[in-house]
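The values are calculated or read from the model by the stated rules, or taken from the named source; none is laboratory data. Given the structure is predicted, the values throughout are model-derived calculations rather than measurements. Quick reminder, even Gly has a Cβ in these numbers, built from the backbone with ideal geometry, and neighbours come from all protein chains shown. Surface areas here come from the heavy atoms of the whole protein model, side chains and all, with no ligands, DNA or RNA. Shrake-Rupley method; radii C 1.70, N 1.55, O 1.52, S 1.80 Å.
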Amino acid sequence: MKAIMLQGTASDVGKSVLCTAFCRYFHEEGFRVAPFKSQNMALNSYVTSDGGEIGRAQGVQAEACGIEANVDMNPILLKPKGDLVSEVIVHGRHFADVAAGSYRGPLLGQLLTAASESLKRLSRKYEVLVIEGAGSPAEINLKDRDIANMRIAQMADAPVLLVADIDRGGVFASIVGTLELLEPEERARVKGLIINKFRGSKALLEPGIKWLENRTGIPVLGILPYVEIDVDPEDSMSLGALALKGNKQGADLDVAVIRLPRISNFTDFLPLMDQDDLAVRYVKSVDELGNPDVIILPGTKNSMEDLAWLKVTGLVGEILRLKERGSSVVGICGGYQMLGRKLTDPEGVESSQTEQDGLGLLAMETRFVPGKQTVRAVGRPLASWGGSELVEGYEIHLGRTILAAGTSPLFRLADGRLDGAVSGEGEVWGSYLHGLFDNPSFLRHWINHLRLKKGLPKKEESGRNRREIREAVYASLAGWIREHIDMQKVKEIMKLESADS
């Protein structure tokens with residue numbers, strides 16, 4: 001097994017996207033390749049086929065490798081659930097809720113062991129590992145408990161490529177500063193530099209590149225031009241760019257997604273942004289809400305706390321007022337729970353709040369109980385406006401929801417369970433299923449239902465689904481690094497021979 005590790009001078013320099021590109025490149029070159037990130041912190045997660053929960057980035061990277069994701073690809077997932085407290089998920093299952101200050105000692109040893117076990121299993125199965133670091137390897141205050149960067153590079157005996165973002169400025173200082181803060185043995189692992197998000201003429205950059213290579217003794221292997229890349233994001237740092245993409249002027253229908261403080265799995269709404277007749281906005285105040293055709297309450301890591309925030313901001317009252325004036329209201333996962341009459345958490349599973357009234361738009365109640373539901377699901381719509389084709393999705397939630405007598409469920413799942421709820425002619429509905437809008441038939445039936453409600457004609461069903469769009473993106477990413485990174489040099493650094501040799 002050969003490995004390459006991409007670390008960054010900071011968060012959000014493009015490591016996840018580049019790792020996805022490397023995964024597809026090695027897949028196209030004929031290698032059995034897999035992604036690995038020992039520890040990820042993200043609220044956008046992914047459910048494996050056996051019900052394990054990992055970071056969404058590793059699920060996407062596995063797809064780029066042409067393989068099924070498994071929990072070894074991201075053995076430790078941190079999901080922030082409150083101030084300085086995160087849920088720790090190990091090998092796809094809930095392990096503990098941990099305060100930031102206690103993330104050391106015996107716990108750190110257990111997590112490092114989990115990462116080592118996963119790395120060994122992957123190394124026995126695959127020829128190439130593309131390993132992603134987290135944040136920066138030079139965070140001095142965190143180095144004693146960093147199990148995502150240089151410790152992992154040493155464990156995998158992987159050469160490191162250091163990625164820097166020139167678009168944010170100070171690229172030379174960030175690279176040199178990072179290298180200066182590394183221990184000599186760590187610095188020796190850095191075999192190449194990649195400058196990402198470059199705009200302008202490379203000729204103007206050449207003097208700086210020569211200085212950098214002379215100063216560090218490390219070659220710059222690539223200067224990647226700034227491109228808009230439609231890869232599923234893994235954290236809320238991407239929401240700003242998504243907001244710009246979705247807010248189309250002159251669209252037929254206006255969709256407002258409430259930007260909850262602990263919003264999770266907002267990748268649910270990427271397919272909405274692909275629709276020409278939808279404008280999708282993220283809003284977090286009454287003033288921003290306006291008069292949308294649809295209001296969506298998204299998933300959240302903490303339904304009780306975010307419901308309390310909705311009330312404090314006045315958004316609950318405004319949502320109820322707009323619903324009475326004709327806006328449709330939709331809830332996904334935690335947002336679905338909020339649409340009910342009551343949420344209870346007597347055991348403090350999710351929050352210190354034991355009970356709250358919901359919006360009361362659906363006749364149901366949710367109780368939080370130990371034991372997270374993480375499963376992929378297939379079902380058929382029960383509402384006529386949802387079409388008749390099967391839908392696929394996945395569940396990630398703690399609450400158990402009970403519908404009142406006479407309340408209509410939204411889906412009948414293949415395992416016999418009922419999911420979701422709908423009122424009237426679909427003016428309010430909710431579901432536990434993430435990924436619903438990835439189903440083109442369901443999405444277009446629902447949009448046409450909204451169009452008819454507004455007096456607009458139906459439109460034909462959309463073309464490609466999100467999987468097809470992602471496949472095209474992966475191919476584009478592989479071409480992007482082939483053109484702008486010396487991949488032959490990368491393979492030499494890895495001591496990697498051709499796949500058929």
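Size of the range 32-116 from its Cα atoms: along the principal axes, largest to smallest, the extents are 39, 25, 18 Å. Between V85 and R145, full extension at 0.36 nm per residue minus the direct alpha carbon distance yields a gain of 20.0 nm.
The solvent-accessible area of I76, taken with every protein chain present and a 1.4 Å probe, is close to 0 Å². If you sort L477, L142 by accessible surface, 1.4 Å probe, largest first, the order is L142, L477. The spacing between the range 300-342 and the range 9-48, judged by their C-alpha centroids, is 34 Å.
Every Cα-Cα pair in the range 200-357 was counted, and those over 19 Å apart are 62% of them.
State the Kirkwood hydrodynamic radius of the chain in Å, one decimal place, computed from all pairs of distinct Cα atoms.
Taking the inverse mean of 1/r over all distinct Cα pairs, the chain comes out at 23.9 Å.
Counting heavy atoms of the protein chains alone, E427 has an accessible area of about 60 Å² for a 1.4 Å probe. Annotation note: trypsin sites (Lys or Arg not before Pro) in the range 382-482 located in DSSP loop regions with a Cβ neighbour count of at most 13 within 10 Å are K454, K458, R464. Overall, the accessible surface of the range 309-396 at a probe of 1.4 angstrom is composed of carbon and sulfur to the extent of 47 percent.
Per q in 0.17, 0.18, 0.20, 0.25 Å⁻¹, report the Debye log10 I(q)/I(0) for the range 72-172, using one uniform scatterer on each alpha carbon and no solvent. With no solvent term, the Cα-only Debye profile gives -0.89, -0.98, -1.14, -1.44. For GluC sites (Glu not before Pro), the sites in the range 318-347 that DSSP calls loop and that have at most 14 other Cβ atoms within 10 Å are E347.
Counting only DSSP beta bridges with both residues in the chain, what percent are antiparallel, rounded to the nearest 5?
Details: 43 of 89 bridges.
The antiparallel proportion sits near 50 percent.
Once the Cβ-Cβ distance of K248 and E183 is raised to the sixth power relative to R0 = 35 Å, the FRET efficiency obtained is 0.10.
Identify all lysines with a Cα-Cα distance to K143 below 22 Å; exclude those on the same chain that are fewer than 8 residues away in sequence. List returned: K15, K37, K79, K191.
Taken as Cα centroids, the range 129-186 and the range 70-118 sit 20 Å apart, rounded to the nearest whole angstrom. Between the listed residues A308, L142, A405, the Cα displaced farthest toward the positive end of the dipole of the chain, a dipole computed from Cβ unit charges relative to the Cα centre, is found at L142. For H449, H94, the ranking by accessible surface with the largest value first comes to H94, H449, using a 1.4 Å probe.
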